[in-house]
Amino acid sequence: MISLDLIAARFKINAIRLGFRFFGSYMDLEDFAKRIRDACLKKALEAYEDAGIQGLCAEGRWEAAVGALRALDLAPLLRELQRPSSGG
């Protein structure tokens, strides 16, 4: 799993433009945060629902969702962002 400290250390954040340089292209920082949030929500909700189908109680479902968040690999998202954008 990639830590946020590693991400911050590897990429220069430009607070004025609210964007960051990522291997030669700029991406809006807010868009990047939304993609991370969406990936986390999707994984947590999937785990919560799967745990419910398996018959776990509310506490067990919550533990499954938290476990899914801890295990979420953000590397594929970062690789997707490395691809050159078609928008120029």
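Tabulated values for the structure
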| item | result |
| --- | --- |
| Difference of contour (0.36 nm per residue) and Cα-Cα distance, Gln54 to Lys42 | 2.5 nm |
| Whole-Hz couplings from phi, Karplus 6.51/-1.76/1.60, listed for the stretch 53-66; x for Gly and Pro | 4, 6, x, 6, 6, 4, 5, x, 5, 4, 4, 5, 5, 5 |
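Here, each number is a calculation from the coordinates, and none is a lab measurement. Since the model is a prediction, treat every value here as computed from it, not as a measurement.
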